[in-house]
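Q: Below are the structure tokens for one structure; questions will follow.
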Amino acid sequence: MEMVFERQQQERQWLASRVTRQYREEGQEIAEFEEALRKWANGCPLCRFKKSQYQHQLEDCTHPEIAAVLQGVQTMTQEVQGKKRFAKFSCCFDCGVPQLICQKWRQKDEQGWFEKIKGVECQYKGVLISTVVVISRETDIIWKWMKDDSIDGDNPEAVYPWFGRKVMWGKMEATKLCKVFHGLTQMVNADR
């Protein structure tokens, strides 16, 4: 009986340490995500990715690929934001960033409810989608991630809602789009 109790106690300790480690790792990912948001919000994501002079906005870019990128951003924005495919309470619907991070929102109470702050704009509007469109043009990893989630990458009616799915990231509500942004920007950082 004592051995059974001891084994159960060890299993509980192992599980508790595993959960603690997972929250620590996810906390590190969220910090990296916020840093990437700040970095990619500063100038043209296409030129930043191409390692060109990027001190202009995407709309003012003269890079030869800009027309295709702008079309991709417009399509994804319409499909995800325009068709309201973000899951309820998963993010700020204006920028896609978790409400916990977007300055347009403040936490109302300890349960995690948020409310909009009047007169405040999103600090990362357009950053997630434009960066994902730019980087995804150079890699097929997103299609692998979709396949891992049993999503048919050839079906827009499956793809765009996938980006808007709610995920729990640490103790923060977010979307797949945020996780994709994080994964892609980490890949870019590793390559440089």
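Q: Could you list all residues from the range 74-91 that are surrounded by fewer than 14 Cβ atoms within 10 Å (Cβ to Cβ) and either in a loop (DSSP other than H, G, I, E, B) or hydrophobic (A, V, I, L, M, F, W, C) (or both)?
A: Selection gives K83, K84, K88, F89.
Q: Would you mind stating whether R48 is under 26 Å from P156 (Cβ atoms) and either of a type in the set (A, V, I, L, M, F, W, C) or crowded, with 16+ Cβ neighbours inside 10 Å (or both)?
A: Taking the combined requirement at face value, the residue does not satisfy it.
Q: Checking R85 against (1) in contact (Cβ under 8 Å) with a residue 24 or more places away in the chain; (2) under 14 Å from the mean Cα position of the chain (by Cα), only one condition comes out false. Which one?
A: If we test R85 against (1) in contact (Cβ under 8 Å) with a residue 24 or more places away in the chain; (2) under 14 Å from the mean Cα position of the chain (by Cα), just (2) comes out false.
Q: Among the residues that make up the range 160-176, is at least one of them open to solvent by less than 60 Å² (accessible area, probe 1.4 Å) and more than 26 Å from K39 (Cα to Cα)?
A: So far as the range 160-176 goes, yes, one or more of its residues are open to solvent by less than 60 Å² (accessible area, probe 1.4 Å) and more than 26 Å from K39 (Cα to Cα).
Q: Then there is this: State whether one or more residues within the range 173-190 are part of a loop (DSSP other than H, G, I, E, B) and more than 19 Å from Q103 (Cβ to Cβ).
A: no
Q: Is it the case that some residue within the range 51-66 is open to solvent by less than 70 Å² (accessible area, probe 1.4 Å), acidic (D, E) and in a loop (DSSP other than H, G, I, E, B)?
A: Yes, the range 51-66 contains a residue that is open to solvent by less than 70 Å² (accessible area, probe 1.4 Å), acidic (D, E) and in a loop (DSSP other than H, G, I, E, B).
Q: Identify, by number, the condition in (1) assigned to a helix (DSSP H, G or I); (2) closer than 26 Å to R38 by Cβ; (3) of a type outside the set (S, T, Y); (4) open to solvent by 50 Å² or more (accessible area, probe 1.4 Å) that K144 doesn't meet.
A: In the conditions (1) assigned to a helix (DSSP H, G or I); (2) closer than 26 Å to R38 by Cβ; (3) of a type outside the set (S, T, Y); (4) open to solvent by 50 Å² or more (accessible area, probe 1.4 Å), K144 misses (2) alone.
Q: Looking at (1) open to solvent by 50 Å² or more (accessible area, probe 1.4 Å); (2) over 24 Å from C44 (Cβ atoms), which is the only condition V120 fails?
A: Of (1) open to solvent by 50 Å² or more (accessible area, probe 1.4 Å); (2) over 24 Å from C44 (Cβ atoms), only one is false for V120: (1).
Q: Name the residue, out of D94, D109, that is of a type in the set (D, E, K, R), open to solvent by 20 Å² or more (accessible area, probe 1.4 Å), under 24 Å from L184 (Cβ atoms) and not in a helix (DSSP H, G or I).
A: Answer to the check: D94.
Q: Residues being touching a helix residue (DSSP H, G or I) at 6+ places or on another chain (Cβ under 7 Å), farther than 17 Å from G96 by Cα and assigned to a loop (DSSP other than H, G, I, E, B): count how many of those fall in the range 147-172.
A: Result for the range 147-172: 5.
Q: While we're on this one: I'd like the residue in the range 173-192 that is over 15 Å from L128 (Cβ atoms) and in contact with a helix residue (DSSP H, G or I) (Cβ under 9 Å, 6 or more places away or on another chain) and, out of all such residues, is modelled with the highest pLDDT.
A: Per the criteria, the residue is M187.
The values are calculated or read from the model by the stated rules, or taken from the named source; none is laboratory data. As the structure is a computational prediction, the values presented were derived from the model and not from experiment. As a convention, Cβ positions derive from the backbone with ideal geometry for all residues, glycine included, and neighbour counts pool all protein chains shown. In case anyone asks, the SASA skips ligands and DNA or RNA and just uses the protein heavy atoms, side chains included. Shrake-Rupley method; radii C 1.70, N 1.55, O 1.52, S 1.80 Å.
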